[in-house]
């Protein structure tokens, strides 16, 4: 925690209205987490039919995703765009038009602005949607896209609280009956080097049985909260918080859930996406903020059967060690990923027995690979569905944040079924809506209903 005393956070309670049709019971939620299936075979879209792409959430990462999508197929066009700020549409459109002038077909009448703009993109006749808004909106947008039968690229994470996870689980159950692909922005699972490294561990057993994992996501602070003096007269709570979305748990989920979730996803991947038995965590706020309610550092430990522990260290502070690495220890050796080198495996004597060899042209860009595979599946009808692991990794991250914020040890079922709903009533949200989120959590004081 910061040296500056923080006010205790109010007890988190659910909204009275069951507004997102959440999974109602513990048994149903647990079954849903294990019961979502992968992609199904269906009718593809012929190469001679132009694909229309809708772009929802036009910030920097979203514009990158749009660029990769437009590079993935020769016969497509960007057809509709949505954001809460027109200037973000203008900036993204200008950047994309320079690269893909022949693939941009977004006249003013298909540029939609507002909290309900996503609905207008879905109704515009698009085939595929890119969901790249702030994460708090992801459950609602994913539900609407699946209901509309659209193919989806959804940026990580998939939710920011347990209620949102349960909502996405229901959406993924609905998606089973749809002839659609769903690909997640968990890009490391599309990295050729990581795929090869994990194959050596999970399929070939090169390090033996996994005994421990240590992952790091350590970086400088990248999204400081705006000064209160920058809040112009008449700016609503909704607009102010969206402009500072990273700093609010109900919008961004915290650095752990919004960014370090990549490292958590790799932990889940090597552990076969099984549910951890329990989670312990610490965290706090070192850097004084002008607003917001997130921690800037975490250490999370997940326990698996046979006394296997997976640790994640996450920090976003300037002037400190920067590292994004994974150290996976097994009975026969260890896999090391990151630290500026290609993945490699060494045996217990310290001898390197495998390392990834890049092709002469270099390793394909994982961000591009995920879009290449998404659009190839749309054409072929061999649909992809990242649903099972994309929501599992998201829930693992939320579980870690819950443990850090409360100071409690949590089981998987406790975390998944907690009455933990942070997002304001988006079904009736308006641009001038007032909403005051809880303050910075205080471990030992902050409570979550349904968690002992």
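Worth pointing out:
- Taken together, the criteria exclude residue 160 from residues that are outside any helix (DSSP H, G or I), crowded, with 23+ Cβ neighbours inside 10 Å, assigned by TED's automatic domain parsing to the domain that holds residue 285 and touching a helix residue (DSSP H, G or I) at 6+ places or on another chain (Cβ under 9 Å).
- Test: residue in region 324-333 that is in a loop (DSSP other than H, G, I, E, B) and modelled with pLDDT of 95 or more: yes
- Residue check, residue 342 part of a strand (DSSP E or B) and at pLDDT 95 or above: no
- Hey, residue 154 within 28 Å of residue 316 (Cβ to Cβ) and not assigned by TED's automatic domain parsing to the domain that holds residue 328 or not: yes
- Where strands (runs of 3 or more DSSP E) fall entirely within region 200-318, those with at least 3 residues that are assigned by TED's automatic domain parsing to the domain that holds residue 409, touching a helix residue (DSSP H, G or I) at 6+ places or on another chain (Cβ under 6 Å) and closer than 24 Å to residue 161 by Cβ are at 278-284, 308-316.
- Subset of region 173-183 [outside any loop (DSSP other than H, G, I, E, B) and surrounded by fewer than 24 Cβ atoms within 10 Å (Cβ to Cβ)]: 173, 174
- Residue count for region 382-432, restricted to those that are outside any helix (DSSP H, G or I), under 17 Å from residue 250 (Cβ atoms) and in contact with a strand residue (DSSP E or B) (Cβ under 8 Å, 6 or more places away or on another chain): 5.
- Of the listed requirements (1) under 21 Å from residue 170 (Cβ atoms); (2) assigned to a loop (DSSP other than H, G, I, E, B), residue 106 misses just one: (1).
- In region 435-450, the condition of being surrounded by fewer than 21 Cβ atoms within 10 Å (Cβ to Cβ), under 17 Å from residue 282 (Cα atoms), over 21 Å from the mean Cα position of the chain (by Cα) and in the same structural domain as residue 302 (by TED's automatic domain parsing) is met by no residue.
- Hey, residue 88 assigned to a helix (DSSP H, G or I) and assigned by TED's automatic domain parsing to the domain that holds residue 154 or not: yes
Results for (1) without any contact (Cβ under 8 Å) to a residue 24 or more places away in the chain; (2) within 26 Å of residue 364 (Cα to Cα), shown as yes or no for each residue.
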residue	(1), (2)
42	no, no
47	no, yes
51	no, yes
70	no, yes
73	no, yes
79	no, no
87	yes, no
92	no, yes
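- Residue within region 62-79 that is exposed (fewer than 15 other Cβ atoms within 10 Å of the Cβ), at pLDDT 95 or above and either under 19 Å from the mean Cα position of the chain (by Cα) or in the same structural domain as residue 148 (by TED's automatic domain parsing) (or both) present: yes
- Where residue 362 falls short, out of the listed (1) under 27 Å from residue 400 (Cα atoms); (2) free of Cβ contacts under 8 Å to residues at least 24 places away in the same chain: (1)
- Selection count where residues are over 27 Å from residue 435 (Cα atoms) and either in contact (Cβ under 8 Å) with a residue 40 or more places away in the chain or crowded, with 24+ Cβ neighbours inside 10 Å (or both), scope region 397-423: 6
- Only one of the listed residues (189, 143) is within 23 Å of residue 327 (Cβ to Cβ), assigned to a helix (DSSP H, G or I) and either touching a helix residue (DSSP H, G or I) at 6+ places or on another chain (Cβ under 7 Å) or modelled with pLDDT of 95 or more (or both). That residue is 189.
- Some residue of region 119-132 being more than 24 Å from residue 241 (Cβ to Cβ), at pLDDT below 95 and part of a helix (DSSP H, G or I): no
The values are calculated or read from the model by the stated rules, or taken from the named source; none is laboratory data. In this text the structure is predicted, and so the values were computed from the model without any measurement. No Cβ is skipped: glycine too gets one built from the backbone with ideal geometry, and neighbour counts run over all protein chains shown.
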